[in-house]
Amino acid sequence: MESNSTKALGTTNKIISTNKKKAKNKFGAYTNVFKGLYKRTLNMLFPAHIKCIVCGDDLPEVRQIEVCDKCSAKLNFISKNSCCKHCGAPVYGDAEVCLNCKDIKREFDQGRSVFVYDGEIEKLIAGLKFNNKPYLSRTLGRYLASLYQTLDWHVDMVIPVPMTEARKKWRGYNQAELLATEFCEAVHLPLNTQALQKVRETDEQKELSMQERQKNILDAFKVQDKYYIKGKSILIIDDVMTTGATANACATALKKAHASKVYVLTIAHGKPKLPMQNNMEDVHYVINSVK
Ligand SMILES: [Zn+2]
Ligand SMILES: [Zn+2]
């Protein structure tokens, strides 16, 4: 009898304490409900694939990186030893820095990319950017996370390269923002999509020379609130780095707002720049690197 009433008391206490906890966590519980709803909505919009995003074959199991072993072996990863020590571009031979970093002052502290921008990776990025396949950001964001985990960067906050509101409306999303969201979820870093804004539309960078790109993108980015940036080590995320002009422009704005460090991580980096035939200094630089 006594033990029964003790049990009953124990149960009552448990209920009271559970109710107290519930009251205490009411706000947290609501937050979790919203988080769950948000996640379910995302999954509905971007359904989980159990197929390889490169060849479309079934994967043997659910993977964070939805690429089969066969396709993974064919991807052109950029290794630590074969890239520019400053911007992460693939380089010829054992050159320390790429031709762009040799000639142009970089505002960011260091950059790295997962892949060379060619073949299947070029197709995947085109799918993410132009063929309305936002779900590709899941696997690509995880690739960024795996590379980040091999680096010794200390990062306080992640900022995706912003788009103008008009461009975002037209595309329906900012692919850099999707990549950064997946990345932050994997490495548990805070994401800030507001602090840096693109305030001016720029011409398509593809056809422009390095100098033209720098000029085209000058002052296109502005920090909205310096409070969030001052003294922080920031990681910029984008899909592709070509000459690094966009990353440089973002870094210029962030450094003006007193960011302590600016790092850049992209899915892919353009192939090594070939020296211009009339620039013998660059020609010799490349020849000496591959000796
Ligand atoms: Zn495959
Ligand atoms: Zn470089």
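For this structure, a couple of remarks:
- Taking amide H as placed 1.01 Å from N in the peptide plane, the amide H of Met241 sits under 5 Å from that of Ala268, His269, Gly270, each at least 5 places away or on another chain.
- Segment His284-Tyr227, extension gain: residue separation times 0.36 nm, minus the distance between their alpha carbons: 15.9 nm
- Rg(Cα)/(2.2 N^0.38 Å) for the stretch 76-289, N = residue count: 0.97
- Residues of the stretch 218-241 with amide N under 18 Å of a point placed 7 Å along Cα→Cβ from His258: 223-234
- With a cut-off of 13 Å on the backbone N, the residues of the stretch 251-291 near the modelled label site 7 Å out from Asn76 along Cα-Cβ are 268-274.
- Taking GluC sites (Glu not before Pro) across the stretch 144-213, the ones in a DSSP loop with at most 12 further Cβ atoms lying within 10 angstrom of their Cβ are Glu201, Glu204, Glu207.
- Exposure proxy ranking for Cys250, Cys71, based on other Cβ atoms within 10 angstrom of each Cβ and starting from the fewest, stands as Cys71, Cys250.
- Two-site FRET efficiency, Cys55 against Arg167, from Cβ-Cβ distance with R₀ of 45 Å, rounded to 0.05: 0.90
- Phi-based couplings in Hz for the stretch 123-140 (Karplus 6.51, -1.76, 1.60; Gly and Pro marked x): 5, 5, 5, 5, x, 5, 7, 10, 9, 6, 10, x, 5, 5, 4, 4, 5, 5
- Least to most buried among Met276, Met163, Met210, Met241 (fewest other Cβ within 10 Å first): Met276, Met210, Met163, Met241
- Pairs of Lys residues in the stretch 209-291 that lie 8 or more places apart, or on two chains, and have C-alpha atoms under 23 angstrom apart add up to 20.
Computed from the coordinates by the stated procedures, all read-outs in this text should not be read as laboratory data. A quick note: this is a predicted structure, and the numbers were derived from the prediction, not measured. Cβ coordinates were reconstructed from backbone atoms using ideal geometry, including for glycine residues, and neighbour counts include every protein chain displayed.
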